Amino acid sequence: MEQTKQTRWQLLVVSSLIFGMFFGSGNLIFPVHLGQLAGQHWFTAALGFAVSGSLFPLLAILAVVVTQSDGLYDLAKPVGRHYAAFFLVLVHLTIGPFFGTPRTAATAYQMAAEPFLPQRWTTLGQWVFTAVFFGLAYLIATHQNSLIKWVGKYLNVCFLALLAIIFVVAFWHPMGGLAHTPTAAYQSGATISGLLEGYNTIDAVALLALSVTFVHAVRGLGYHDRELTKVTAKAGVLAIVVEVLVYFGLVLLGAFSLGQLTLSANGGVALSQIVGHYFSRFGTAFLGVLVTLGVFTTALGLVTSFAQDFHKLFPKVSYLTWLRITTVASFVVANAGLDNIIAWSLPVLMLLYPLSLALILVSLTVAKWAYAGVVYKATIAFTAVPAILDLLANSPAVVTTWGPVARVLHLYHTYVPLASLGLGWLVPTLVGFALGLGWGYWRLVVERNTQEA
């Protein structure tokens, strides 16, 4: 009985760790704005958001579990060692020091510190805040085994407790009803619109990158082989279930808010207004603490996974050295040119997401098959072309308006199914997957016939 309780407690802690590492500011504010956009169609919109914002990340976790991978490199290695190394570097640089990690500190500063500082201290305040932010992240991440304690037991639990307070107060005294007219995109096909909004969370990419960290954490608890796989799968499912409940609560929060608020410019504004309505002047500090907790746990996961994966890829450079590199680089980017970095990083995310989902597809279906490598290679090859076109389509205007690029994108959006929605990779990916299966099966038959002869 005592051992069963211990196992359940460890499962909850690992679930909290996984949730805390990937649930950041975007996961907090996107659903609130979605609720305002969808109005009375909030439920169907939230359902679509949950599919892309939660199901895809869950499949990412299961892909790591099914293949028993020790990180992103292992997961992508069947495509080829060079591709796996390239993909790992591209993913970690994009969601790490070139975009994701600096943005966590910048968001925390904007929500928790900037509102309380005089204008003349804004720049200095940001340097000091981000230095403390990444300094603490570095100190905690130097002890890899302590991550599960800090994130799983303390920081994420505090975050969920504060969020629960908002839900209880808001649902006890809702700001209005739910009979609000949806915006044009949500008047028909609200589920599809919600799915596309959840697609923007890029959580499937993040969880592939973070896989090395939560696998390491579970191994640190003493689990190995089949037990490790089982605990990771259960913890991942539990984390995603909690996330779905949080998403529905946040969407509902946004829909209720239209009773006293107008449609906001974005989810951050909407959440600030809602918290301010219920908690008055104290609401700014309350929301600042909530957001800081949310993004700090994500930052911890990102810097740790970056250092772990790069140390595995380049073992001659120590984990601590890679940790210093990513925290210092993130600090610099957070204070110098973050807006420009974001402008060029978002297109890269549009490249990474299709490649990540294609990798998840083949990992979940054919990883243990004979000639699985053939299916991996064909699927990724057919996904890469539309993914590159999506990268170009989401690039700054200096790229998209250039004659040759503009003409290619016009053809792509006109003739490739779903391309205009940002899902042009879907059909080519399935075609590549089917061709890979056929090619692999043919090679298997030829080999058998040769052996029989």
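The values are calculated or read from the model by the stated rules, or taken from the named source; none is laboratory data. None of the values given here were measured: they were computed from a predicted structure. Glycine also receives a Cβ, built like all others from the backbone with ideal geometry; neighbour counts cover every protein chain displayed.
Results, tabulated for the structure shown:
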{"quantity": "Residue match in segment 73-93 (condition: among the β-branched types (Val, Ile, Thr), modelled with pLDDT under 90 and buried (at least 21 other Cβ atoms within 10 Å of the Cβ))", "calculated": "no"}
{"quantity": "Which listed residue, of 141, 161, 185, 179, is modelled with pLDDT of 90 or more and either among the β-branched types (Val, Ile, Thr) or more than 20 Å from residue 28 (Cα to Cα) (or both)", "calculated": "141"}
{"quantity": "Count of residues meeting criterion [buried (at least 18 other Cβ atoms within 10 Å of the Cβ), aliphatic (A, V, I, L, M) and closer than 23 Å to residue 346 by Cα] in segment 362-387", "calculated": "3"}
{"quantity": "Evaluation of residue 395 against (1) surrounded by 13 or more Cβ atoms within 10 Å (Cβ to Cβ); (2) in a helix (DSSP H, G or I) (one fails), failing number", "calculated": "(2)"}
{"quantity": "Residue 441 vs. criteria out of contact with any helix residue (DSSP H, G or I) (no Cβ under 6 Å at 6 or more places or on another chain), assigned to a helix (DSSP H, G or I) and either surrounded by 15 or more Cβ atoms within 10 Å (Cβ to Cβ) or not assigned by TED's automatic domain parsing to the domain that holds residue 55 (or both)", "calculated": "yes"}
{"quantity": "Unmet requirement for residue 120, which otherwise passes all of (1) under 27 Å from residue 12 (Cα atoms); (2) among the basic types (Lys, Arg); (3) free of Cβ contacts under 8 Å to residues at least 24 places away in the same chain", "calculated": "(1)"}
{"quantity": "Residues of segment 403-422 satisfying the condition of being free of Cβ contacts under 8 Å to residues at least 60 places away in the same chain, surrounded by 14 or more Cβ atoms within 10 Å (Cβ to Cβ) and either of a type outside the set (A, V, I, L, M, F, W, C) or not in a helix (DSSP H, G or I) (or both)", "calculated": "412, 413, 416"}
{"quantity": "Residue that is at pLDDT below 95 and within 26 Å of residue 66 (Cα to Cα), where the choices are 314, 382", "calculated": "314"}
{"quantity": "Whichever residue in segment 206-243 is farther than 13 Å from residue 62 by Cα and of a type in the set (Lys, Arg) and, among such residues, is farthest from the chain's Cα centre (by Cα)", "calculated": "226"}
{"quantity": "Single condition residue 376 does not satisfy, out of (1) free of Cβ contacts under 8 Å to residues at least 60 places away in the same chain; (2) in contact with a Leu (Cβ under 9 Å, 6 or more places away or on another chain)", "calculated": "(1)"}
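Conditions tested, residue by residue: (1) in contact with a helix residue (DSSP H, G or I) (Cβ under 9 Å, 6 or more places away or on another chain); (2) not small (Gly, Ala, Ser).
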residue	(1), (2)
8	no, yes
11	yes, yes
14	yes, yes
18	yes, yes
28	yes, yes
32	yes, yes
46	yes, no
49	yes, yes
52	yes, no
